[in-house]
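Read through the structure below, which is laid out as structure tokens, and then see the notes.
The values are calculated or read from the model by the stated rules, or taken from the named source; none is laboratory data. Computed from a predicted structure; not experimentally measured. With ideal geometry, Cβ positions are generated from the backbone for all residues, glycine too; neighbour counts draw on all protein chains shown. SASA here: full protein model, heavy atoms, side chains in, ligands and nucleic acids out. Shrake-Rupley method; radii C 1.70, N 1.55, O 1.52, S 1.80 Å.
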Amino acid sequence: MKDITTREDIEILVNKFYDKVIKDDLIGFFFTDIAKIDLSKHLPKMYNFWESILLGNPVYEGNPMRVHFPINEVSALEERHFNRWLQIWEETIHENFEGENTETAIARALNIARIMNHKMANARGN
Ligand code: HEM
């Protein structure tokens, strides 16, 4: 297996992750029923987000935290949901890649998820 080194690698990873996440019995509904995401618009944002982080190309323009607050208002984004998100992310990564950047992808997601979990809990007042 190879490391994550190109935009194509990121597209493959993100596509495989979303194949699983939208079908997931614990967190799929956030994407399909609450945010009702249009994958053709959402996926390129995710490719750009991870390309910025992993390849150092500043192609992502946006605020990765902001979009989660309105979702959290409709249905609480709790630690168990972040844990499932991270589990699927790590599993998908390890099924397809290995190496330094691959481990960075897991570590960065863990950091962001922890921060996001705190921000969502604070916004709910607990
Ligand atoms: C249970 C956990 C999570 C759920 C259910 C979730 C769900 C979503 C949904 C539904 C959207 C689309 C929002 C919209 O366009 O209206 C979104 C966007 C996004 N999410 Fe998450 N997310 C989770 C965790 C994370 C984590 C841990 C990260 C980062 C490592 C992340 C990064 C992003 C980014 C970058 C966007 C695009 C923001 C933009 O529009 O620029 N999400 N998420």
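With respect to the cross-link table entries LYS23/LYS45; LYS2/LYS36; LYS16/LYS45; LYS16/LYS119, which display a Cα-Cα separation exceeding 22 Å? Beyond 22 Å between Cα atoms: LYS2/LYS36; LYS16/LYS119.
Each pair of Cα atoms in the chain enters the Kirkwood radius, and Stokes-Einstein at 4 °C and 1.567 mPa s then converts it into a translational diffusion coefficient of 86 µm²/s. Provide the net charge surrounding PHE17, with neighbours chosen by a C-beta distance below 13 Å and charges set as Lys +1, Arg +1, Asp -1, Glu -1. In short, -3.
Distance from the Cα centroid of region 85-126 to that of region 1-73 is 12 Å (rounded to whole angstrom). Against the main long axis of the alpha-carbon atoms of the chain, helix 7-21 sits at an angle near 40°.
The 1.4 Å probe gives accessible areas that order GLU90, GLU11, GLU51, GLU100, largest first, as GLU100, GLU90, GLU11, GLU51.
So what's the angle, to the nearest 10 degrees on a 0 to 90 scale, between helix 39-55 and the longest Cα principal axis of the chain? Helix 39-55 and the main axis of the chain meet at about 60 degrees.
When you restrict to C-alpha pairs under 8 Å that are six or more residues apart and normalise by the size of the chain, the relative contact order lands at 37 percent. Ligands, DNA and RNA excluded, the heavy atoms of ILE22 present near 60 Å² of accessible surface to a 1.4 Å solvent probe. Using heavy atoms of the protein chains and a probe of 1.4 Å, the accessible area assigned to HIS118 is about 120 Å². Accessible surface ranking for ASP3, ASP33, ASP25, ASP9, 1.4 angstrom probe, highest first: ASP25, ASP33, ASP3, ASP9.
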